1. Pull up all non-local amide H partners of A:LEU5: gap of 5 or more, or a different chain, and H-to-H distance under 5 Å with H placed in the peptide plane.
2. Once phi is turned into θ = phi - 60°, what whole-Hz ³J(HN,Hα) does the Karplus curve with 6.51, -1.76 and 1.60 give for every residue of segment A:22-39, x standing for Gly and Pro?
3. When the accessible area of segment B:3-316 is split by element with a 1.4 Å probe, what percent falls to carbon and sulfur?
4. Report the longest stretch of chain B that contains none of the chymotrypsin sites (Phe, Trp or Tyr not before Pro) sitting in a DSSP loop with at most 13 other Cβ atoms within 10 Å.
5. Among B:PRO106, B:PRO33, B:PRO251, which one shows the biggest mean-square fluctuation in a GNM of chain B, springs joining Cα atoms closer than 10 Å?
6. What does the structure give for A:85-95 when I average, per residue, the other chain Cβ atoms found within 10 Å of the residue Cβ?
7. Using a probe radius of 1.4 Å on protein heavy atoms only, what is the accessible area buried between chains B and A, both sides summed, to the nearest 100 Å²?
8. Quantify how strongly other chains surround peptide A:100-106 by giving the mean number of their Cβ atoms within 10 Å of each of its Cβ atoms.
Amino acid sequence: MSALLSLTELSVALAGRAAVSGVSLTVTRGEVIALLGANGAGKTTLMRAGLGLIVPRSGMVRLGGGDPHLLNPRDRALRAAYLPQRPQSIWPISVEHLVALGRYAYGAAPERLSGADQAAVDTAIQACSLEKLRSRRMDEISGGEKARAHLARAIAQHAPLLMLDEPTAGLDPAQALAVADIIRTHAPGGAVVFSTHDVALAARTADRLLLLREGRVVAEGAPSVALTPETLEATYGRSARIDRIGDALTVTFS
Amino acid sequence: MSGAARLSLALIIISVLALFTALYLGPVALANPLASDDETRTIVWQIRLPRALTAWLVGAALGLAGAALQGLLRNPLADSGVLGLSGFAALGAVIAFAFGFASLAPAAALIFALGAAALVTVLGWSTRGPASLVLIGVGLSSAAGGLIALGLNLAPNPGALSDLVNWTLGSVEGRSLNDVVLVSVFLIAGAALILFAARGLQALTLGEEAAAAIGANLTRTRVLVVLGAAACAGGATAVAGVIGFVGIAAPHLVRVMAGHDPARLLVPSALAGGAMLVVADTAVRLLPTDTELKLGVAAALVGGPIFALIAARLASRSAEA
């Protein structure tokens, strides 16, 4: 099966500084991959390079088999949906209108959706529990609700690959778990790459973890393999203790 | 019918009423503007109708350019006046006048508006927040203002100076059907370009990266809107001189009723701009002043406080956030 995303020896420089150095990653259908690392470790840069939003210094990027820089924006959008770290709704449009923007690549105008587009919007709204908020304006809802609305927009795009940059940032534990469940639901038909600072949530949700420090891979693999006190210390620069209670895992930094 | 469609219909009716009112009212009140006597025909067809239509078309062009630029730059304070497009268009026309090429003034206005639009887009694309972009525009406007002042300073004779001053104050007085045709051509061309970019403006609601990620072609959107806004502002300024604030006020008023979707604001903003300028021009014609108040001056007197009000509201909103 061809990879939904493949990065080979990828290096990216931002403002002359190496942000990602020699990272390789292959994402295939059905996988959930979490990117872990301190602030500035290169998680966002890795995603943006994978989407073709920034030009790598060296290495190869293939999005759905094609070079994202050579794909037209529509083709790129049909291969991957992206939730930026701080998603914006510059104008206070309604939640439903925002989610409908996810159908842009299909030629949909938010005010005149076809049956298929409306169905995709409805499904995404339902998946993110936004039914009661669909006609509310984006400046009238809470931070957590905004985060879910933007996630629903990305889901409505119906791209096989979902790239989510800190989708649980600022969410309470229940909402963060709900987002984790949404991520798992998407995986069977596609794949999800997400970044987070919640190590326990990443271990619970992802099939594979990629731990980064200063743009380089510290560890990669299934949570049970990749997460050790040593790799966590190498990633975050603080000593860490890992406790396992059944399937759940807690990490305490000191 | 959606809010934007209902509003557009209402604005069309208001525009038609305003245009008819403009035919009736003036120094000589006409009982029936459609009467076939020579005096009425001359007043209506050679004076009032061209003037009222020019006012409507100039207002529509400025309203449309304002709505499009606000969508592109994601900034409710953007318009062709604030961003220096109108100032540069005026500079182009002043240069054409000063060198004795009055017939080339529209072309010069368009080219200079285009240059300013390109500068604003390049300089402002990566800036965040309304303030920095408006500052770039203020800088460009000041530069254009300084160069226009230089043109006035070096005007060859008092007659030329008076012409230039009158023109830079902004007016549709004494405009002919030729002017109507000229501004129509620019408005139609600009509107076609801008409406092609309407979906891209919708996508930009999400910010640049997310807009690109949902499949919007940002380069295409940018080029179409910049060219379209420059055509509208250049055409309007070439015919009527500098008329500010319509481009800010029209979209702002329309948002109250039609919502915030930048694509759905375009047509109502053009209609509102047109209606506003016809009403404003009729008002300046009726004011009992010895010298007729220039339309650009009236627009600045009314529009300035509106601009300050919008800026203050935005500032208080960002302070709350």
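The values are calculated or read from the model by the stated rules, or taken from the named source; none is laboratory data. All values reported here derive from a predicted model rather than from experimental measurement. Note that we place each Cβ from the backbone using ideal geometry, even for glycine, and neighbour counts take in every protein chain shown. Keep in mind that these areas ignore ligands, DNA and RNA; they rest on the heavy atoms of the full protein, side chains included. Shrake-Rupley method; radii C 1.70, N 1.55, O 1.52, S 1.80 Å.
1. It is A:VAL27, A:GLY64, by chain and number.
2. x, 8, 10, 7, 10, 10, 10, 4, x, 9, 10, 10, 10, 9, 10, x, 5, 4
3. About 72 percent, which is the carbon plus sulfur part of the accessible surface.
4. It works out to B:126-321.
5. Looking only at B:PRO106, B:PRO33, B:PRO251, the largest GNM fluctuation is found for B:PRO33.
6. 6
7. 2300 Å²
8. Mean partner-chain Cβ count within 10 Å for A:100-106: 5.
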